[in-house]
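Step one of this worksheet: look at the structure below.
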């Protein structure tokens, strides 16, 4: 679920005091608030992510953006909100990217969202917003991929322009879908270099190689009190290149 940052403490209290959830704290909450975009709660076998933003690390989008154009609706007698369809598409594209365009069900979900809402999508707004937040290359690539994979109903004007390296990326994505991904960090660095606006790539790569302490603790699941963090600072560049993903 998505909550406004100003309502995060209230939401935690409601879930824990009245919903029977317990917050999972494998790392410090301050690290999560500073370097991540959600907290995790558990109730028996149910896991619940409470987001205050829907992107992290690679893109800088203010939390208030996700609430723009949201619509109130009633569900089981409770009034709640749905994201504007353009925001919903952007989030699902980011989630695909953040998971190295894997697994296949994320593609199927995004294609289904577009097909179900195709008459309500403001494509010009989607592309303009993506361009503003430096996501345009990623968005256009993903939409073209959906068109090729499922013949998803995407306007021709958005995907007709030739995309340098598209076939290489397409092959890389398919290899991940069908063969799995062993070295996620390396693949993400490649996707970052080629799918994100060039003027932001350098800053992203520097932060990946020389992250904040909070980011490093989250990446390698290090305790906030552990002195191992200094060793991870030294070896982080090598881990990015050679560490295999389980």
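The values are calculated or read from the model by the stated rules, or taken from the named source; none is laboratory data. As the structure is a computational prediction, the values presented were derived from the model and not from experiment. We place every Cβ from the backbone using ideal geometry, glycine too, and count neighbours over all the protein chains shown.
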| Tally of residues being under 22 Å from residue 138 (Cβ atoms) and loosely packed, with under 12 Cβ neighbours inside 10 Å across region 219-233 | 0
| Is it the case that region 220-233 has a residue that's in a helix (DSSP H, G or I) and under 19 Å from the mean Cα position of the chain (by Cα)? | yes
| request: Having 1 or more residues that are surrounded by 13 or more Cβ atoms within 10 Å (Cβ to Cβ), out of contact with any strand residue (DSSP E or B) (no Cβ under 6 Å at 6 or more places or on another chain) and at pLDDT 95 or above is the bar; report the strands (runs of 3 or more DSSP E) wholly within region 35-86 that clear it. | output: 38-43
| query | Yes or no: residue 158 assigned to a loop (DSSP other than H, G, I, E, B) and either touching a strand residue (DSSP E or B) at 6+ places or on another chain (Cβ under 6 Å) or surrounded by 13 or more Cβ atoms within 10 Å (Cβ to Cβ) (or both)? | reply | no
| task | From the list 86, 72, pick out the single residue that is farther than 14 Å from residue 1 by Cβ, more than 12 Å from the chain's Cα centre (by Cα) and in contact (Cβ under 8 Å) with a residue 24 or more places away in the chain. | result | 86
| Qualifying residues in region 1-27 (those that are touching a helix residue (DSSP H, G or I) at 6+ places or on another chain (Cβ under 7 Å) and in contact (Cβ under 8 Å) with a residue 60 or more places away in the chain) - the one surrounded by the fewest Cβ atoms within 10 Å (Cβ to Cβ) | 4
| Residues that are under 16 Å from the mean Cα position of the chain (by Cα) and over 21 Å from residue 190 (Cβ atoms), drawn from region 130-146 | 133
| message | Could you go through region 111-129 and let me know if any residue there is surrounded by 14 or more Cβ atoms within 10 Å (Cβ to Cβ), within 23 Å of residue 57 (Cβ to Cβ) and in contact (Cβ under 8 Å) with a residue 40 or more places away in the chain. | response | yes
| query | When the residues of region 176-201 are filtered to those that are loosely packed, with under 13 Cβ neighbours inside 10 Å and over 20 Å from residue 136 (Cβ atoms), which remaining residue is modelled with the highest pLDDT? | reply | 178
| So residue 216, is it crowded, with 17+ Cβ neighbours inside 10 Å, free of Cβ contacts under 8 Å to residues at least 24 places away in the same chain and farther than 30 Å from residue 163 by Cα | yes
| Of the residues 128, 151, which single one is within 23 Å of residue 55 (Cα to Cα) and modelled with pLDDT of 85 or more? | 128
